[in-house]
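Asks: First the structure, then my questions, so here it is.
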Amino acid sequence: MFTTNFDIGEDVRKVIPGKGCFSVLEYERDVSTDPGSAMTAYFASKMNVKKRQVVAKLENSSVIIQAGAMQMLLGDVNVKTDVKGAGDLMKKLIGSKVTGETAIKPRYTGTGVVVMEPTYKYILFEDLADWNGSIVIEDGMFLACEDTVDMKVAARSSFSSAVLGSEGLFNTSLVGSGVAALESPVPQQELIEITLNDDVVKIDGNQAIAWSGSLKFTVEKMTGSFVGSAASGEGFVNVYRGTGKILIAPVRYNGGIVSAAGGNTGNYSGAAGVTGK
C-alpha cells in the first residue's frame, strides 16, 4: 500500500487524465529555477513549454516503455525484457537500426505505478481502435504502450517514397489493440487530423507525423511533368491514398514564415524558434 502527493499543490503540478492506463503529470511552472533563469522559466510556462511525465497505473497488467524512460516504480511492479531468444534479439537489433528506436523495450508487469522521465515534448495518447488497429509513427515518437500493442517495422511501398519523401526507408508501426503514449513535436491543438474514406491527401514535405497503416504512401510530381512541377514551385509531394487517418503538423517548421516576414533570419534556429540580439 502506498500514497503519493501527485495531485497535491495544483498550482505547481497536476495530473491530466489520458487514455487506458496512462495519464500525464504536468508541471504548470518551474519553481526550482534561479534568479538568472527565472524570466525564461516564466515565459516558457506561458507558452506551454512545461515538463511532463507520463504515468502508467497498473492493475495486474503490463506496459512496454522506451528503454531508459523509467524514473520511478511504486508498488509490486517487476520488469523484464521483451527478448524471446537470440533470433528475436537479432530481429530487434536490425529493426532498431532502420527505425532509430531502441532495440530492447522493457516490459513492466504487476500492480502499481510506473512514472516515466520528464520531457518537454507534447504527449499524445492514441487508441489503436481509432486507427483500425494499425498506426505508423515518425521515428523517435514512441514512448510507451499497453502490452496488447505489438511493435513492427513498416517498410516503404516504393523506393520513391523512401528517397523523395524525407521519411526514410522504414518507420515504426504499432499494431493490435490498446493505447500508445507518443512524444509529439507539437501540441495536440496544432495538429490537423484528416480522415480519408477511399480518398487522397497530398502534402508538401514531411508534415505528417502519424498515419494509418492501411494508407498507401507514395511520392509524386505535383503536375504531370517535371517541367510543370518545377514551374508550379512545388515539385514533389507526399501522397497518402486509401481509407484511414493522418495527423499533420502544419506549423512544425517556421523557416518560411521567418523569411517572408523579413526578420532577423540570420538568427533563425530552426523549429525551436527565433533568437534576436
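Bear in mind these aren't lab numbers, they're just calculated from the coordinates by the rules spelled out. Computed from a predicted structure; not experimentally measured. Glycine also receives a Cβ, built like all others from the backbone with ideal geometry; neighbour counts cover every protein chain displayed.
Asks: Cut-off is 10 Å between beta-carbons; in what order do 145, 21 appear when sorted fewest neighbours first? Walk me through the numbers before you get to the answer.
Replies: Working: 145 26, 21 20.
Arranged by neighbour count, lowest to highest, 145, 21 become 21, 145.
Asks: Can you give me the distance in nm between label points at residue 40 and residue 80, each placed 7 Å from the Cα along the Cα-to-Cβ direction?
Replies: Once both label points are built, they end up 4.5 nm from each other.
Asks: Roughly what would the spin-label model give for residue 193 and residue 206, points 7 Å off Cα along C-beta, in nm?
Replies: Those two pseudo-labels are separated by 2.5 nm.
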